[in-house]
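Colleague: Submitted below is the structure of interest, expressed as structure tokens.
The values are calculated or read from the model by the stated rules, or taken from the named source; none is laboratory data. Given the structure is predicted, the values throughout are model-derived calculations rather than measurements. Cβ placement follows ideal geometry from the backbone for every residue including glycine, while neighbour counts extend to all protein chains displayed.
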Amino acid sequence: METEYTETQMERSRLVVEIDELIEQKEVKELIKLLSVKGQSVGNLFGFEVISLLSVDFETVDQKIGLALLASACFQKPMSLNGVSLVEFDKAKINIVTNEEKLYGFWGEKFTKDDKGRNIYYVDIVGISNNVRSTGIGGALGEMCLYNFLENNRSQDTVILTRTQNPIMVGALKKCLPKYLKLYPFEEDPSLAWVESVNWLVSNGFISRNDRHDTHFDARESLIHWGAYGECGDGSTWENMIENYMGEIDWSKNIPIGMVNYLVRNGTSLEESLTRGHAFIVGGFIDRLKK
């Protein structure tokens with residue numbers, strides 16, 4: 001059951017500070033303490049340690065606010081407790097990038113099985129501080145996290161996916177996919193099994209939805225989640241998730257070009273998608289019989 005937060009707690013979780021100022025926040029100190037007590041070291045990347053926490057490890061609101069503040073510092077937007085709602089999901093993991101008690105980012109993932117028993121690996125939220133993004137740590141972190149999941153789930157079909165507006169996130173997911181997989185929908189049309197599974201996940205609320213009357217998704221039609229983030233200005237969520245990344249995105253590269261072309265083919269545009277909160281659901285599928 002989801003935690004009910006007070007308005008004071010929600011307001012606190014909307015605070016946006018620079019990544020170097022995180023350590024000054026009492027809730028972040030509680031998160032760091034949690035890492036030291038329950039965190040599991042899963043590896044090192046570019047001189048940073050990656051420490052994993054399960055969603056069930058978050059026992060206090062302050063610990064959850066600490067994660068929300070980390071997310072807000074990475075996105076430089078008020079993500080709030082709503083933005084890190086994966087801590088309310090019973091099968092989720094948060095992999096945090098740290099160095100000498102400073103936090104630089106995280107990779108949040110959720111797991112389940114669909115109605116056909118397929119494994120689901122969903123990248124729920126990823127935040128990397130802008131002062132380390134250029135190192136390639138985001139993609140490397142994703143590779144590590146997905147590899148660890150697949151090592152423990154070899155015997156069943158696996159649906160891999162995320163929802164995003166951001167070409168950088170799409171590129172990170174492509175990098176962490178096994179080399180024999182194609183990225184849906186930009187490198188290959190999605191398999192029927194993947195389409196069925198994603199539709200089931202959206203209709204059953206595994207992928208969060210808002211209450212806009214015009215929000216819509218059907219993977220049989222396209223992989224655009226119409227109105228996923230809320231219409232610009234209505235305050236329901238974070239409408240344009242890439243406004244602070246625009247200077248880092250090279251729109252002449254294959255992935256951004258593919259995203260823009262896909263939007264146009266489906267009757268919309270990049271500008272409309274960012275002002276009306278449309279997002280992509282992208283991913284890949286491991287068929288155990290064909291692997």
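Colleague: Where the second residue is modelled with pLDDT under 85 and among the acidic types (Asp, Glu) and the first is assigned to a helix (DSSP H, G or I) and lies in the range 267-291, which pairs have Cβ atoms under 6 Å and are six or more apart or on separate chains?
Modeller: Taking only residues 6 or more apart or on different chains, the pairs are 276/231.
Colleague: Quick one: in the range 245-268, of everything that is of a type outside the set (A, V, I, L, M, F, W, C), farther than 19 Å from residue 183 by Cβ and surrounded by fewer than 14 Cβ atoms within 10 Å (Cβ to Cβ), which residue is farthest from the chain's Cα centre (by Cα)?
Modeller: Once the filter is applied, the top-ranked residue is 267.
Colleague: Which condition breaks for residue 177 when tested against (1) within 26 Å of residue 263 (Cβ to Cβ); (2) of a type outside the set (Lys, Arg); (3) assigned by TED's automatic domain parsing to the domain that holds residue 63?
Modeller: It is condition (3) that residue 177 fails.
Colleague: Residue under question is residue 198, and the condition is that it be buried (at least 18 other Cβ atoms within 10 Å of the Cβ) and touching a Ser or Thr at 6+ places or on another chain (Cβ under 9 Å); does it hold?
Modeller: It is false that residue 198 is buried (at least 18 other Cβ atoms within 10 Å of the Cβ) and touching a Ser or Thr at 6+ places or on another chain (Cβ under 9 Å).
Colleague: Restricted to the range 190-204, and to residues that are under 19 Å from the mean Cα position of the chain (by Cα) and either not assigned by TED's automatic domain parsing to the domain that holds residue 281 or not aromatic (Phe, Trp, Tyr) (or both), which residue is farthest from residue 218 (Cα to Cα)?
Modeller: Per the stated criteria, the residue is 204.
One line per residue, one yes/no per condition, for (1) more than 20 Å from the chain's Cα centre (by Cα); (2) assigned to a helix (DSSP H, G or I); (3) of a type outside the set (D, E, K, R); (4) buried (at least 22 other Cβ atoms within 10 Å of the Cβ):
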{"position": "4", "(1), (2), (3), (4)": "yes, no, no, no"}
{"position": "27", "(1), (2), (3), (4)": "yes, yes, no, yes"}
{"position": "56", "(1), (2), (3), (4)": "no, yes, yes, no"}
{"position": "67", "(1), (2), (3), (4)": "no, yes, yes, yes"}
{"position": "70", "(1), (2), (3), (4)": "no, yes, yes, yes"}
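Colleague: Please count how many residues of the range 147-202 are of a type in the set (Gly, Ala, Ser) and more than 25 Å from residue 266 (Cβ to Cβ). Outline the logic, then answer.
Modeller: Of all residues in the range 147-202, those of a type in the set (Gly, Ala, Ser) come to 155, 171-172, 191, 193, 197.
Subsequent filtering for residues that are more than 25 Å from residue 266 (Cβ to Cβ) retains 155.
Counting residues in the range 147-202 that are of a type in the set (Gly, Ala, Ser) and more than 25 Å from residue 266 (Cβ to Cβ) gives 1.
Colleague: Would you mind listing the strands (runs of 3 or more DSSP E) fully within the range 97-190 where at least 2 residues are modelled with pLDDT of 95 or more and within 23 Å of residue 273 (Cβ to Cβ)?
Modeller: Answer list for the range 97-190: 119-128, 158-164.
Colleague: Also, quick follow-up: Do any residues in the range 123-145 that are assigned by TED's automatic domain parsing to the domain that holds residue 16 have Cβ atoms under 7 Å from those of residues that are of a type in the set (D, E, K, R), where the two are at least six apart or on different chains, and which pairs are they?
Modeller: Hits for this filter: 123/109; 124/109; 124/110; 133/248; 139/175; 142/175; 143/175; 145/109.
Colleague: Residue 49: surrounded by fewer than 23 Cβ atoms within 10 Å (Cβ to Cβ), modelled with pLDDT of 95 or more, in a loop (DSSP other than H, G, I, E, B) and not hydroxyl-bearing (Ser, Thr, Tyr), yes or no?
Modeller: Details: surrounded by fewer than 23 Cβ atoms within 10 Å (Cβ to Cβ): yes; modelled with pLDDT of 95 or more: yes; in a loop (DSSP other than H, G, I, E, B): no; not hydroxyl-bearing (Ser, Thr, Tyr): yes.
Against the criterion (surrounded by fewer than 23 Cβ atoms within 10 Å (Cβ to Cβ), modelled with pLDDT of 95 or more, in a loop (DSSP other than H, G, I, E, B) and not hydroxyl-bearing (Ser, Thr, Tyr)), residue 49 does not qualify.
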